[in-house]
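Before any comments, here is the structure.
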Amino acid sequence: MVSGVMQRPPQPGPRQTPPAIPNHRLGMIIFLVAETMLFTGLLGGYLVLRLAAPMWPPAGQPQLPFWAGAANLAFLAAGSLGIHVALRAARRASHHGVLRGISLALASGTAFLAVLGIEWARLRSAGLSLSSGGTYGALFYALTGCHALHLLAVWIWIAVLLLMAVRDRFSPAHHEPVEMAGMFWHFVTLAWLFLFVILYVL
Amino acid sequence: MRASSTIRPARLAACASLVYGFRLATASALAQCAMCSGAADASAGQFAFSKSTLMMLSVPYLLLGGVALYVVRAFRRSREKSGGAAGDTDSTGR
């Protein structure tokens with residue numbers, strides 16, 4: 001039996017406007033706020049111990065190499081630039097631009113980790129270790145180690161992005177992973193700027 | 001027509017009880033932190049503690065202000081964009 005009821009064509013619903021702040025960006029902002037408080041706590045502990053100490057660095061302990069901190073700051077800034085270039089290229093659908101930007105960020109991150117590793121080895125051979133350096137050594141390794149873990153995380157993230165970029169997975173409509181990795185990278189750069197000033201300059 | 005800006009007594013009482021509750025919570029926290037308080041009162045660490053506390057206290061406010069500014073700007077931009085789109089629709093008559 002054939003029903004005599006005709007099916008209505010689907011009616012267009014009310015036009016949906018995009019949210020003022022996309023969910024992925026809001027989530028990343030909340031995450032970065034929490035991360036900022038982590039570094040603030042670490043820096044607060046560092047300031048208490050450093051300002052209360054009669055002499056800094058303590059007698060017999062090596063001075064932190066300024067050049068290493070400055071070089072690392074330059075590497076992170078270059079990585080920030082690379083991610084920015086990649087994001088702009090993804091918005092313009094430039095496949096080569098995305099690859100170039102992400103490769104630059106990845107190389108910068110590798111250079112940062114290499115310089116930090118060399119610096120740790122040099123300081124360790126100069127007598128600065130977690131146990132022998134007292135609070136000086138412990139604070140230095142805790143702050144730079146925590147930062148290096150963050151950079152390692154974003155480095156792995158960007159390596160995955162590079163694989164995705166090789167397969168041309170990004171487009172002007174879909175580039176959120178690059179944007180979020182960029183936000184995290186900029187945060188890591190900013191955190192190093194503060195660490196550099198407090199640890200190496202002051 | 002805009003609503004009157006006078007504060008209702010019930011809201012005022014709720015705010016006052018909130019502040020009082022916060023004050024009580026702070027007092028109990030201070031009572032449990034006698035050792036920290038004693039360490040902070042020592043002359044050697046007093047300067048260090050106050051500077052560090054100042055730094056750690058300022059960061060949440062800066063973060064809150066920054067995020068609030070970003071949210072306000074994002075909503076304002078979104079409203080302008082949707083207002084512009086509505087204007088376009090009106091002008092075409094559709």
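Distance between the modelled labels on A:His24 and B:Leu57, one decimal in nanometres: 4.0 nm (7 Å Cα→Cβ projection).
Give the distance, in whole Å, between the Cα centre of the stretch A:171-188 and the Cα centre of the stretch A:62-122. Centre-to-centre (Cα) distance: 15 Å. So if we plug the beta-carbon distance of B:Arg73 and A:Ala126 into 1/(1 + (r/R0)^6) with R0 = 51 Å, what FRET efficiency do we get, rounded to 0.05? Given R0 = 51 Å and the Cβ-Cβ separation, E is 0.55.
Rounded to the nearest 0.05, the FRET efficiency derived from the C-beta distance between A:Ile198 and A:Ala74 at R0 = 25 Å is 0.90. Paramagnetic label reach from A:Ala59 (point 7 Å along Cα→Cβ; backbone nitrogen cut-off under 17 Å): within the stretch A:113-141, residues A:133-136.
Note on chain A: percent of Cα-Cα distances in each 5 Å bin, starting at 0 and stopping at the bin with the largest distance, equals 1, 7, 13, 15, 15, 12, 9, 7, 5, 4, 3, 2, 1, 1, 1, 1, 1, 1, 0, 0. In terms of the Cα gyration tensor, with a ≥ b ≥ c the square roots of its eigenvalues, is the stretch A:71-161 rounded because a/c is under 1.5, prolate because a/b exceeds b/c, or oblate? Since a/c reaches 1.5 and a/b is larger than b/c, the shape of the stretch A:71-161 is classed as prolate.
Among A:Pro22, A:Pro172, A:Pro62, the largest mean-square fluctuation in a Gaussian network model of chain A (Cα springs under 10 Å) belongs to A:Pro22. About its Cα centre, the dipole of chain A is roughly 480 debye, where the only charges are +1 on Lys and Arg Cβ and -1 on Asp and Glu Cβ.
Checking the a/c ratio against 1.5 first, then a/b against b/c, what shape does the Cα gyration tensor give for the stretch A:108-158? Oblate, since a/c reaches 1.5 and b/c is not below a/b.
For A:Ala93 and B:Ser82, what is the calculated FRET efficiency with R₀ set at 22 Å and r taken between the beta-carbons, to the nearest 0.05? About 0.25, to the nearest 0.05.
All of the numbers you see were taken from the coordinates with simple rules; none came from a lab. Just so you know, these numbers come straight off a predicted model, no measurement behind them. All Cβ positions, glycine included, derive from the backbone under ideal geometry; neighbour counts span all protein chains shown.
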